[in-house]
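Asker: Would you mind keeping the following structure in view while I ask a few things?
The values are calculated or read from the model by the stated rules, or taken from the named source; none is laboratory data. Owing to the predicted nature of the structure, the values given are computational and were not obtained by experimental measurement. Here the Cβ is made from the backbone with ideal geometry for all residues, glycine too, and neighbour counts use every protein chain on show. Just the protein is used for accessible areas: all its heavy atoms, side chains included, with ligands, DNA and RNA removed. Shrake-Rupley method; radii C 1.70, N 1.55, O 1.52, S 1.80 Å.
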Amino acid sequence: MPQESRLALVRRARRMNRILAETYPDAHCELDFGTPLELLIATILSAQCTDKRVNMVTPVLFAKYPTVEDYANADPREMEEIIRSTGFFRAKTNSIIGMARAVSERHRGEVPGKLKDLVALPGVGRKTANVVLGNAFGVPGLTVDTHFQRLVRRFGWTDETDPVKIEHFVGELIPKREWTVFSHRVIWHGRRICVARRPACGACPLATLCPSYGTGPTDPVEAAKLVRSGPFS
């Protein structure tokens with residue numbers, strides 16, 4: 001198979017994005033939140049945990065700790081009990097309290113709206129920062145989670161495994177204004193159709209544009225049984 005030119009790749013990627021937009025017109029962040037602080041907390045909790053589980057925990061957490069100062073001054077043991085079911089609860093508690101203290105001390109209690117400031121907070125990496133920027137501040141960002149990484153490699157867009165390199169590479173294929181919603185589309189597709197073990201290739205709207213077609217069942221009836229509905233991890 002001849003190597004794909006850069007122009008052909010850009011055109012294919014943008015066509016796939018348009019198909020995903022038609023397939024998932026309501027794609028959005030599946031974490032429940034009302035403020036930048038709440039989204040930041042929820043995203044920290046979502047590591048190695050489903051969005052559904054996080055959304056079960058956060059109402060109690062948000063009610064008990066309504067402000068940054070409340071998180072900064074929280075009793076770790078009390079917070080651990082609330083978030084225990086999300087896994088890695090001790091590490092997440094430390095991250096949340098450390099983040100809150102940093103926001104209180106460095107940013108007058110307001111979650112910053114710049115990437116460089118967010119990634120400087122304890123427990124906040126680029127993925128978390130981009131989630132917050134894109135969904136709470138309207139700043140375009142690509143959320144390179146495990147679904148996103150798996151799919152862009154399956155799409156044949158890149159062989160990179162480093163999340164930052166993937167972010168920059170894909171950012172050159174997709175218009176910046178669409179980065180945030182494109183991330184949601186890819187993640188939704190990865191949770192619903194292009195799952196890790198047995199992707200529903202025969203039910204995939206991207207089948208004719210995907211070099212990995214055939215990784216999963218191609219029979220439409222068999223593939224349809226594999227399609228999932230949300231919310232997901």
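Asker: Once R0 is set to 30 Å, what does the formula 1/(1 + (r/R0)^6) return for the Cβ-Cβ distance between F169 and H107, expressed as a FRET efficiency to the nearest 0.05?
Answerer: 0.45
Asker: Another question, then. Please compute the Cα-Cα pair-distance distribution of the chain with 10 Å bins starting at 0, giving whole percents from short to long.
Answerer: 8, 31, 32, 19, 9, 1, 0
Asker: Can you give me the Cα centroid spacing of the stretch 7-54 and the stretch 209-227 in angstrom?
Answerer: What the calculation gives is 22 Å, centre to centre.
Asker: If you roll a 1.4 angstrom probe over the protein chains with everything in place, what fraction of the accessible area of the stretch 1-74 belongs to carbon and sulfur, to the nearest %?
Answerer: 53 percent
Asker: Any idea what the alpha-carbon Rg over 2.2 N^0.38 Å comes to for the stretch 1-139?
Answerer: In units of the globular-protein estimate, the stretch 1-139 measures up at 1.25.
Asker: Keeping all protein chains in position, work out how much accessible area R106 exposes to a 1.4 Å probe, and write it in Å² to the nearest 10.
Answerer: Counting only protein heavy atoms, R106 exposes about 130 Å² to solvent.
Asker: Roughly speaking, what % of Cα-Cα pairs in the stretch 120-233 are separated by over 22 Å, rounded to a whole number?
Answerer: 35 percent
Asker: What whole-number value in Å² describes the accessible area per residue of the stretch 14-98 for a 1.4 Å probe?
Answerer: 49 Å²
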